[in-house]
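The values are calculated or read from the model by the stated rules, or taken from the named source; none is laboratory data. As the structure is a computational prediction, the values presented were derived from the model and not from experiment. Virtual Cβ from ideal backbone geometry, glycine too; neighbours counted across all protein chains shown.
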């Protein structure tokens, strides 16, 4: 099938509009500050806060089992993804209505916690397959060799726009005694931004791809297992990432660390989102520039750099003064997000032939999902028993093993180049 050129400027503008609207909405209703603080209003313990990233893991499992089926039989992905993104936005409407109800009636704490977790889970279940297919879509609408730099630049620009999110949220929650109804405005505004941004999908033009036959779940798992067995380089990378996923604690427990260890009030913790978003913007630019013209080795070197910085900050949060390290943790959470958006998916897509990219993304997600499901809730329980510092230190020490494995893989890839 001959490849047709795509309108690069049109695609970049549509992608930028999508990223700006979704970025502003996400960081307005910040999953690392606003949503945990909302749960704390219902008396949530650290173990409950740890369920937030675990719900993302639930969505990733669902996505791993369904992404290939959604892509099968479709030469183009943008339209179906646009439609499904409207369904994904609905739980934020639910969060807004929950905040309204909570401010009007005395909702029991357990009920508020359960409803919030259920709505976040619903959002993640719909987003799970869409998140994985999004990076496949990027390979169809952006040039192949400069994909990392272009997306890094667009993501950084959109993140800069998103700085307005924590500024607005911090103002709404100023003083630490803001009524719960203010959360309804935050969640409803995020829902509106998502709906506006979703229209961008329908303006994208992609290179058509040959449709693949649909797979059942069992067939999908067999195909993923075959890739796992036949790709030792991919296995080594994913094992290293499993060791490095203690960095999840930088974002999962930013709010609880800042509230308990650093003694910061609710509105100040919300404003830490400014540093988080700033770290994501700067991280996207820096990491996108470091990838150069792409290739597995370049993306891997960039990942080593990003994860080294994350582990150093995690150690600092375990050993250093709390208030400065709360700010450093916010920057680290932004860098983690940038790394997982700009670098990690590109590493996966460089680990095999182009026709297997959906499977590579799915396998990479599925292999790391147990960490998302287990690490934050277990860490939350441990934090409740022992405090943040020993848990952070233990996770950072485990991350050193992962860094060693990544460095060994990097040397292998350099040695295999002709």
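The helices (runs of 4 or more DSSP H) found wholly in the stretch 79-198 and carrying at least 1 residues that are under 28 Å from residue 299 (Cβ atoms), under 22 Å from the mean Cα position of the chain (by Cα) and modelled with pLDDT of 85 or more occupy 109-141, 181-198. Criterion first (under 30 Å from residue 409 (Cβ atoms) and in a helix (DSSP H, G or I)) does residue 240 satisfy it? Answer is yes for this residue. Residues in the stretch 29-54 that are within 15 Å of the chain's Cα centre (by Cα) and farther than 15 Å from residue 253 by Cβ: 29 alone. Within the set 414, 323, the sole residue that is touching a helix residue (DSSP H, G or I) at 6+ places or on another chain (Cβ under 8 Å), surrounded by fewer than 21 Cβ atoms within 10 Å (Cβ to Cβ) and part of a helix (DSSP H, G or I) turns out to be 414. Is it true that residue 44 is over 30 Å from residue 261 (Cα atoms) and either in contact with a helix residue (DSSP H, G or I) (Cβ under 8 Å, 6 or more places away or on another chain) or modelled with pLDDT of 80 or more (or both)? So residue 44 fails the test.
So which of 347, 313, 383, 375 ends up being closer than 25 Å to residue 231 by Cα and surrounded by 15 or more Cβ atoms within 10 Å (Cβ to Cβ)? Being closer than 25 Å to residue 231 by Cα and surrounded by 15 or more Cβ atoms within 10 Å (Cβ to Cβ) holds for just one of 347, 313, 383, 375, which is 347.
The condition of being in a loop (DSSP other than H, G, I, E, B) and at pLDDT below 80 holds for only one of 293, 205, that being 293.
Exactly one residue out of 360, 329 is farther than 23 Å from residue 59 by Cα and crowded, with 24+ Cβ neighbours inside 10 Å: that is 329.
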